[in-house]
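Heads up: the structure comes next, in structure tokens.
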Amino acid sequence: MNLKDFIRSIPDYPKKGILFRDITTLIKNEKAFSETINQIVERSKNIKFDKIAAIESRGFVFASAVSYILKKPFVMLRKKNKLPADVHSIDFELEYGTATIEIHKDSIDENDNVLIIDDLIATGGTAEAAARLVEISKGRVAAFIFVINLFDLSGADKLLKKGYKVENLIDFPGH
């Protein structure tokens, strides 16, 4: 199954000049969604990790299913002011603006190896912020797994240069 066939491309969303890769068409197809989860699980077999973290909100779709299958704890990296307990916060740049993500301070134990899952990597700003949250929580990033890599925006390359292990299922140009 070619998972690319299930990704919808939407020009000028969320703003002019952005070509948005929409995963809703992938997750609404039960066979494509199952295959996506199976591929993430398969790629994770060569990674030593204790917990799975995902970036709000589309990363939750994939990571929660993988967490369930692998019986690993699931950690949510959420947008600002969405978590009720004490948090660590990181501000970062997006391809089309700025944002903040947070993690509960008690989500990751010292020396936990954390697999970070998200739907897409573009410029890498969100992924770098996620890694920083894991690290300020005294955990270690075991690897990243993305469904989609927008290869010409170089986010995956940026993570690799910082020494992180990066996997993805699908490659698309970003524009």
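Checking the condition surrounded by fewer than 19 Cβ atoms within 10 Å (Cβ to Cβ) and either among the hydrophobic types (A, V, I, L, M, F, W, C) or outside any helix (DSSP H, G or I) (or both), which residue from ILE52, ILE40, ILE47 passes? Show your work before the answer.
Working: ILE52 fails: surrounded by fewer than 19 Cβ atoms within 10 Å (Cβ to Cβ); ILE40 fails: surrounded by fewer than 19 Cβ atoms within 10 Å (Cβ to Cβ).
Testing whether each residue is surrounded by fewer than 19 Cβ atoms within 10 Å (Cβ to Cβ) and either among the hydrophobic types (A, V, I, L, M, F, W, C) or outside any helix (DSSP H, G or I) (or both) leaves just ILE47.
Quickly run through the stretch 90-127 and pick out the residues that are of a type in the set (Gly, Ala, Ser) and not in a loop (DSSP other than H, G, I, E, B).
GLY97, ALA99, GLY125, ALA127
None of the figures in this text is laboratory data; all of them are computed from the coordinates on show. From a predicted model like this one, the values you see are computed outputs, not experimental measurements. Ideal geometry is used to build each Cβ from the backbone, glycine not excepted, and the neighbour counts take in all protein chains shown.
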